[in-house]
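First comes the structure, then the notes that go with it.
The values are calculated or read from the model by the stated rules, or taken from the named source; none is laboratory data. Since this is a predicted model, take the numbers as computed values, not measurements. All Cβ positions, even for glycine, are placed from backbone atoms using ideal geometry, and neighbour counts span all protein chains on display.
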Amino acid sequence: MDEYLVPAGYGFDEFIEKRSRFIGSVWRCDCESEALGHISEMNELHRGAAHNVYAYIIRDNNIMRYSDNGEPQGTAGIPVLEVLRRENVTNVCCVVTRYFGGILLGAGGLVRAYSHSAKIALDAAGIAVMRKWTRFIINLPYSHFERIKSIIEENRAVIENTDYGESVGIRLLVPSDLCGEFVAGITNASAGAVLPEKKDEVYLAAKRK
C-alpha cells in the first residue's frame with residue numbers, strides 16, 4: 001500500500017482571541033462513522049458553546065466534509081479543512097469549539113482563529129507515517145554512534161527505543177523499500193563491525209520526527 005500521513009494520536013490545544021475561547025481537538029479516524037462519533041461527542045461535551053466547527057478527511061472513497069456550524073460561510077469549516085489538506089494528513093477529524101467572548105472578530109479574524117486552532121491541535125497530536133516498515137535491532141560502540149545516526153536519518157528510519165549501556169542498542173523501523181540501502185550504509189560505515197538484525201515487518205503508523 002502507498003505511504004500516507006495520519007495523526008499520530010489525539011491532539012488538543014486551546015487559546016483565547018478577544019475573549020473568545022477556541023478549543024481544537026484532532027483524532028485519527030479510519031472511517032467516516034468514527035469522525036461523526038467524535039463530532040457528536042464534542043457537540044454533547046460543549047453544548048453551551050456558540051459553535052462546534054468541524055472538518056474531516058477519510059482516505060477510503062476520498063471523503064471530505066466540513067461545517068461552519070453557524071459561523072459566516074467560509075470563515076470556519078473551510079479554514080480548518082485547509083489546514084488538514086496543507087499538512088497532507090488523511091484519516092483525520094478536527095473539531096474547533098468556540099465560546100463567544102462578546103467581541104466580533106470579523107471574517108478575517110475568524111479565518112485566522114479557526115486555522116490557528118486546527119494547526120495547534122494537529123501539532124499536539126503529531127503526524128505519523130502509515131506504511132510498511134521493517135524492524136531492525138542494531139548494537140554498536142559509542143565511537144560509531146554519530147555516523148550511524150546520520151545513516152538512520154538518511155533512510156527515513158524511526159527510532160523506537162535506544163538503550164545506552166556498555167554499547168548502544170537501537171530498535172528502529174526502516175521503510176521496507178529502503179532496507180537494502182540501510183543495511184549497506186550501516187555495514188559500510190562501520191567497516192562490517194555493525195550488522196543490523198532484522199526482526200519483522202509491520203504495516204503501521206510511525207510518528208514522524
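Looking at this structure, is Thr90 under 23 Å from Asn43 (Cα atoms), touching a Leu at 6+ places or on another chain (Cβ under 8 Å) and among the hydroxyl-bearing types (Ser, Thr, Tyr)? Even if it seems obvious, please write down each step before you answer.
On the way: under 23 Å from Asn43 (Cα atoms): yes; touching a Leu at 6+ places or on another chain (Cβ under 8 Å): yes; among the hydroxyl-bearing types (Ser, Thr, Tyr): yes.
So Thr90 fits the description; yes.
The set of residues in region 40-66 that are surrounded by 19 or more Cβ atoms within 10 Å (Cβ to Cβ) and under 29 Å from Val129 (Cβ atoms) comprises Met42, Val53, Tyr54, Ala55, Tyr56, Ile57, Ile58, Tyr66. Taking region 49-68 as the range and being aliphatic (A, V, I, L, M) and either without any contact (Cβ under 8 Å) to a residue 40 or more places away in the chain or part of a helix (DSSP H, G or I) (or both) as the test, the residues that pass are Ile57, Ile58, Ile63, Met64. Anything in region 93-109 that is of a type outside the set (A, V, I, L, M) and modelled with pLDDT of 95 or more? List them, or say none. Cys93, Cys94, Thr97, Arg98, Tyr99, Phe100, Gly106, Gly108, Gly109, listed by residue number. Residues that are surrounded by 14 or more Cβ atoms within 10 Å (Cβ to Cβ), free of Cβ contacts under 8 Å to residues at least 12 places away in the same chain and within 23 Å of Arg208 (Cβ to Cβ) within region 134-193 comprise just one, Lys149. Out of all the residues in region 20-44, which are of a type outside the set (D, E, K, R) and either in a loop (DSSP other than H, G, I, E, B) or free of Cβ contacts under 8 Å to residues at least 12 places away in the same chain (or both)? Scanning region 20-44 gives Cys29, Cys31, Ser33, Leu36, Gly37, Ser40, Asn43. Restricted to region 96-209, the set of helices (runs of 4 or more DSSP H) holding at least 2 residues that are of a type in the set (A, V, I, L, M) and closer than 30 Å to Ile78 by Cβ comprises 106-125. Taking the listed residues Glu14, Glu71, the one that is part of a loop (DSSP other than H, G, I, E, B), more than 20 Å from Asn91 (Cα to Cα) and touching a residue at least 24 places away in the same chain (Cβ under 8 Å) is Glu71, with no other qualifying.
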